[in-house]
Amino acid sequence: MTPHRLLILNGPNLNMLGVREKGIYGTATLQTIEASCQEKAKALGVVVAFRQSNHEGELVTWIQQAMGQQDFIIINPAAYTHTSVAIRDALLAVGLPVIEVHLSNIHRREPFRHHSYVSDIAVGVIAGFGQQGYLAAMDLACHHLATLHSS
Ligand code: DQA
């Protein structure tokens, strides 16, 4: 059987992890998180493409390109979570299952972070567990894909 393909997308300012607001986002860099995800991918027997962009259009393009190339999208849209109809529409257009991840618990933060344009079209949302959220999302994505393929 061909291995499941997971696309992990990261939005703006996540390239600043390790430097930016460490009290909220922790000290792990995005490179560290990617390394953990690639290690986990080996353990799960899946293929992971891990990307970050500060540009909404680039994220939209990557989502569009995932059609037929990826089986699942794990996305931390960062600030675009709260603003981007374009990212929501791209996710709806490709129709792949999605898990939304946030390092921080957005519901414990400012009211403008409580609304997400992605949550209601996602399989589920993980928020508040730092980099562990990405690893949990990978487990859950594999579980979801296994359930889809067995039914
Ligand atoms: C974030 C939460 C967003 O509100 C914020 O704009 C981010 C990161 C998180 O991972 O906790 O940049 O998505």
Open item on the list: List the residue pairs whose Cβ atoms are under 6 Å apart, where the first residue sits in segment 124-137 and is farther than 10 Å from Ile74 by Cβ, the second is among the polar types (S, T, N, Q), and the two are 6 or more positions apart or on different chains.
Closed with: Val125/Ser119; Ala127/Asn105; Gly128/Asn105
TODO: All but one of (1) part of a loop (DSSP other than H, G, I, E, B); (2) within 12 Å of the ligand (Cβ to nearest atom) hold for Met67, so report the exception by its number.
DONE: (2)
TODO: Evaluate segment 38-54: report whether one residue or more is surrounded by fewer than 19 Cβ atoms within 10 Å (Cβ to Cβ), modelled with pLDDT of 95 or more and within 11 Å of the ligand (Cβ to nearest atom).
DONE: yes
TODO: For segment 100-110, indicate whether the set of residues that are on the phi > 0 side of the Ramachandran plot, part of a loop (DSSP other than H, G, I, E, B) and either surrounded by fewer than 18 Cβ atoms within 10 Å (Cβ to Cβ) or more than 10 Å from the ligand (Cβ to nearest atom) (or both) is non-empty.
DONE: no
- [ ] Give the residue, chosen from Thr2, Thr29, Thr83, Thr61, that is under 16 Å from Leu145 (Cα atoms) and among the hydroxyl-bearing types (Ser, Thr, Tyr).
- [x] Thr2
TODO: Please find, within segment 111-137, the residue that is farthest from the ligand (Cβ to nearest atom) out of those that are hydroxyl-bearing (Ser, Thr, Tyr) and part of a helix (DSSP H, G or I).
DONE: Ser119
TODO: Could you check how many residues of segment 60-83 are surrounded by fewer than 20 Cβ atoms within 10 Å (Cβ to Cβ), of a type in the set (Ser, Thr, Tyr) and under 24 Å from Gly128 (Cα atoms)?
DONE: 1
- [ ] Could you please let me know if Asn54 is under 15 Å from the mean Cα position of the chain (by Cα) and either assigned to a loop (DSSP other than H, G, I, E, B) or among the basic types (Lys, Arg) (or both)?
- [x] yes
Open item on the list: For a quick check of your reading of the model, give me the residue pairs whose first member lies in segment 107-119 and is among the small types (Gly, Ala, Ser), whose second is at pLDDT 95 or above and near the ligand (Cβ under 10 Å from one of its atoms), with beta-carbon atoms closer than 7 Å and at least 6 apart or on different chains.
Closed with: Ser116/Thr81; Ser116/His82; Ser116/Glu100; Ser119/Glu100
TODO: Taking Thr32 as the residue in question, decide whether it is under 19 Å from Met138 (Cα atoms), surrounded by 14 or more Cβ atoms within 10 Å (Cβ to Cβ) and polar (S, T, N, Q).
DONE: yes
TODO: Kindly indicate whether any position in segment 84-96 is within 14 Å of the ligand (Cβ to nearest atom), among the polar types (S, T, N, Q) and surrounded by fewer than 19 Cβ atoms within 10 Å (Cβ to Cβ).
DONE: no
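The values are calculated or read from the model by the stated rules, or taken from the named source; none is laboratory data. Given the structure is predicted, the values throughout are model-derived calculations rather than measurements. Reconstructed Cβ throughout: ideal geometry from the backbone, glycine too, with neighbour counts over all protein chains shown.
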